[in-house]
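Here the structure comes first, spelled out in structure tokens, and everything after it is commentary.
The values are calculated or read from the model by the stated rules, or taken from the named source; none is laboratory data. Predicted model, so just to flag it, every value in this text is computed and none were measured. Note that each Cβ is placed from the backbone with ideal geometry, even for glycine, and that neighbours are counted across all protein chains shown.
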Amino acid sequence: MKTNNYIQTNYTPKQLKLPIEIEKIIDFSDPVYSFCEIVDLIDLSQFFVVKGYKTYRPRYSYTKLLKIVLFSFMENGYLSLRKIEKSCKTDIRYMWLLDDMKAPSFATIGDFIRENLTNTIESIFVEINKVIFQKEHVDLDHTYIDGTKIEANANKYSWVWKKSCIKNRDKTFEKVSKIIDKINVEDLELMNVKIEKRSEYTIEYLEHMLENYRKTCCIEVEKFVHGKGVRKTSYQRKYEKLSEYIEKLKKYAKHIEICGEKRNSYSKTDNSATFMRIKRDYMGNDQLLPAYNMQVAVCDEYIATVDVKQYASDMDCFVPLVEKFNKQYGKYPKYPVADAGYGSFNNYIYCEQHNMQKFMKFTMFEKETKDEK
């Protein structure tokens, strides 16, 4: 007699097994444990402002969002928001960091970074450093300083040169003086009135002078003629020339103000960027490019302080970096070590004033010590 073999097929090889503990699946040597060991020692809630209004839906935990953002950048460096969102849905380490919280979307992560981390990320960086430095007994007296130029996200042909603006401004001053001479001789001499000439003119003075000239000579601006084939009066030509020079001086004054005292150039598409030479010259013509000077202070192989400046020279970046180091850690480094790019008389005086040793060569050190006499 033939017997039938009944084989049950109501199962799958990927059946759910309970209980599920994600922590046991993650390898014990994974860096996520070291990351949480440091971050959990800090009260991260102090960096966030709780919003008073209700959203009538479960709110994402800012602390957990900060953890996944910091961990993703720690693991991968610069990472897109969509990749972070994907990791929250597929990577068990991110699921463990979220701790049963729903995986956030890329828009939620982006809003969190813009609204909450723009002004607080530097304070979070310092607090994490303090925990690491105390745990690892990092020596803050020996600090190694160096910098690099990073190209800005700006048009490389949008330069404005401060020296060129000053030169053109001075030429415009001379042209204004010539117009004033013509007005004094041709229009105001019979009235016993004279406009004062100066070597330099302020915008306010020229605007006030132009208005007085209009009132004194009874110039009717609304009757000015324009277009091809029309004949302008002498008053109109002088008035329009002065107005044109005033607009030019306003433009030059704005450019010089944006450059400031320590910069010689800036980019029109990114006013904070300065044109300087960078190491990666992909143009191949030694062209100046819009960039920032990023400075880093390292203690026992840990990045202690990061600063970004607009100055092309490292000499001008030394004092702000050390002052920022003092503000963050409450002390000046006793041995600030840097290359010859930072060596200057002002920086040496600054080190003496704050009881710091001068571990910086001056610019011509190699030439003066190695050249044959």
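Could you list all residues from the range 84-98 that are farther than 15 Å from ILE113 by Cα and without any contact (Cβ under 8 Å) to a residue 40 or more places away in the chain? Working first, answer last.
At the first step, the residues of the range 84-98 found to be farther than 15 Å from ILE113 by Cα are 86-98.
Within the range 84-98, LYS86, SER87, CYS88, LYS89, THR90, ASP91, TYR94, LEU98 qualify.
Out of the range 280-333, which residues are of a type in the set (Ser, Thr, Tyr), in a strand (DSSP E or B) and farther than 18 Å from GLU127 by Cα? Passing the criteria: only TYR292.
Starting from residues that are β-branched (Val, Ile, Thr) and either touching a residue at least 12 places away in the same chain (Cβ under 8 Å) or surrounded by 12 or more Cβ atoms within 10 Å (Cβ to Cβ) (or both), keep the ones in the range 211-235 and report whichever is farthest from MET191 (Cα to Cα).
Our first condition is that a residue be β-branched (Val, Ile, Thr); within the range 211-235, this holds for 216, 219, 221, 225, 230, 233.
Within this subset, residues satisfying the condition of being either touching a residue at least 12 places away in the same chain (Cβ under 8 Å) or surrounded by 12 or more Cβ atoms within 10 Å (Cβ to Cβ) (or both) are 216, 219, 221, 233.
Values: THR216: 9, ILE219: 15, VAL221: 21, THR233: 19 Å.
Checking each candidate, the answer is VAL221.
Set side by side, the residues LYS279, LYS251 differ, and just one is in contact (Cβ under 8 Å) with a residue 24 or more places away in the chain and either farther than 30 Å from GLN134 by Cβ or out of contact with any helix residue (DSSP H, G or I) (no Cβ under 9 Å at 6 or more places or on another chain) (or both), which is LYS279. Just one of the listed residues (ILE203, ILE195) is of a type in the set (Val, Ile, Thr) and modelled with pLDDT under 90, and it is ILE195. Suppose the filter is part of a loop (DSSP other than H, G, I, E, B), closer than 25 Å to TRP161 by Cα and free of Cβ contacts under 8 Å to residues at least 24 places away in the same chain; does ASN355 pass it? So ASN355 does not fit the description; no.
For every residue, the table says whether it meets (1) among the basic types (Lys, Arg); (2) more than 44 Å from the chain's Cα centre (by Cα); (3) not in a helix (DSSP H, G or I).
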{"residue": "VAL160", "(1), (2), (3)": "no, no, yes"}
{"residue": "ILE166", "(1), (2), (3)": "no, no, no"}
{"residue": "PHE173", "(1), (2), (3)": "no, no, no"}
{"residue": "ILE183", "(1), (2), (3)": "no, yes, no"}
{"residue": "ASN192", "(1), (2), (3)": "no, yes, yes"}
{"residue": "SER199", "(1), (2), (3)": "no, no, yes"}
{"residue": "TYR205", "(1), (2), (3)": "no, no, no"}
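Beta carbons closer than 8 Å, at least 6 apart along the sequence or on distinct chains, pair a first residue in the range 60-77 that is without any contact (Cβ under 8 Å) to a residue 12 or more places away in the chain with a second that is surrounded by fewer than 18 Cβ atoms within 10 Å (Cβ to Cβ) for PHE73/LEU79; ASN76/LYS83. Looking across the range 192-209 at every residue that is over 22 Å from ILE166 (Cβ atoms) and out of contact with any helix residue (DSSP H, G or I) (no Cβ under 7 Å at 6 or more places or on another chain), the one that is surrounded by the most Cβ atoms within 10 Å (Cβ to Cβ) is identified as MET209.
Inside the range 99-114, residues that are within 20 Å of LYS24 (Cβ to Cβ) and either of a type in the set (Lys, Arg) or at pLDDT 90 or above (or both) make up a count of 0.
When you scan the range 126-149, do you find a residue that is crowded, with 16+ Cβ neighbours inside 10 Å, of a type in the set (A, V, I, L, M, F, W, C) and farther than 30 Å from CYS351 by Cα, even just one? Taking every residue of the range 126-149 in turn, none turns out to be crowded, with 16+ Cβ neighbours inside 10 Å, of a type in the set (A, V, I, L, M, F, W, C) and farther than 30 Å from CYS351 by Cα.
Working carefully through the options ASN293, ASN264, find the one that is touching a residue at least 40 places away in the same chain (Cβ under 8 Å), polar (S, T, N, Q) and touching a Gly at 6+ places or on another chain (Cβ under 9 Å). Give the steps one after another, and end with the answer.
Working: ASN264 fails: touching a Gly at 6+ places or on another chain (Cβ under 9 Å).
Selected residue: ASN293, the only one of ASN293, ASN264 that is touching a residue at least 40 places away in the same chain (Cβ under 8 Å), polar (S, T, N, Q) and touching a Gly at 6+ places or on another chain (Cβ under 9 Å).
Within the range 233-292, the residues that satisfy the criterion of being more than 13 Å from LYS162 (Cα to Cα) and small (Gly, Ala, Ser) are SER234, SER243, SER272, ALA273, GLY284, ALA291. Evaluate the following for ALA107: is it exposed (fewer than 12 other Cβ atoms within 10 Å of the Cβ) and of a type in the set (A, V, I, L, M, F, W, C)? For ALA107, the condition - exposed (fewer than 12 other Cβ atoms within 10 Å of the Cβ) and of a type in the set (A, V, I, L, M, F, W, C) - is met.
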